[in-house]
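One structure below.
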Amino acid sequence: MNQEDIAIRRGIVHILEGDLGYPVYSEEELDITPQIDDFFRGHLWKLLVSRLL
């Protein structure tokens, strides 16, 4: 498996910022642009690789 094998079809992002003191929940799906796809695939890949080591 490599990073290009990760497929993101839909997504929602919630903000869990400690400085706010409360979470901000999104109610709408993201428009998955190529830039957003690359950004999240990169983060998911780092998470997967760190768990496999």
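Any chance region 4-21 includes a residue that's surrounded by 10 or more Cβ atoms within 10 Å (Cβ to Cβ), out of contact with any Leu (no Cβ under 8 Å at 6 or more places or on another chain), not in a loop (DSSP other than H, G, I, E, B) and not β-branched (Val, Ile, Thr)?
Within region 4-21, none of the residues are surrounded by 10 or more Cβ atoms within 10 Å (Cβ to Cβ), out of contact with any Leu (no Cβ under 8 Å at 6 or more places or on another chain), not in a loop (DSSP other than H, G, I, E, B) and not β-branched (Val, Ile, Thr).
What is the one condition in (1) over 11 Å from the mean Cα position of the chain (by Cα); (2) surrounded by 10 or more Cβ atoms within 10 Å (Cβ to Cβ); (3) part of a helix (DSSP H, G or I) that SER26 does not satisfy?
Single failed check for SER26: (3).
Mind checking which residues of region 2-47 are hydrophobic (A, V, I, L, M, F, W, C) and touching a residue at least 24 places away in the same chain (Cβ under 8 Å)? Can you show your working first?
We begin by selecting, within region 2-47, every residue hydrophobic (A, V, I, L, M, F, W, C); these are 6-8, 12-13, 15-16, 20, 24, 30, 32, 36, 39-40, 44-45, 47.
Scanning region 2-47 gives ILE6, ILE8, ILE32, ILE36, PHE40, LEU44, TRP45.
The numbers here are math on the coordinates, done by the rules we state, and not lab data. The model shown is predicted, which means the values in this text are computed figures rather than measured ones. Note that each Cβ is placed from the backbone with ideal geometry, even for glycine, and that neighbours are counted across all protein chains shown.
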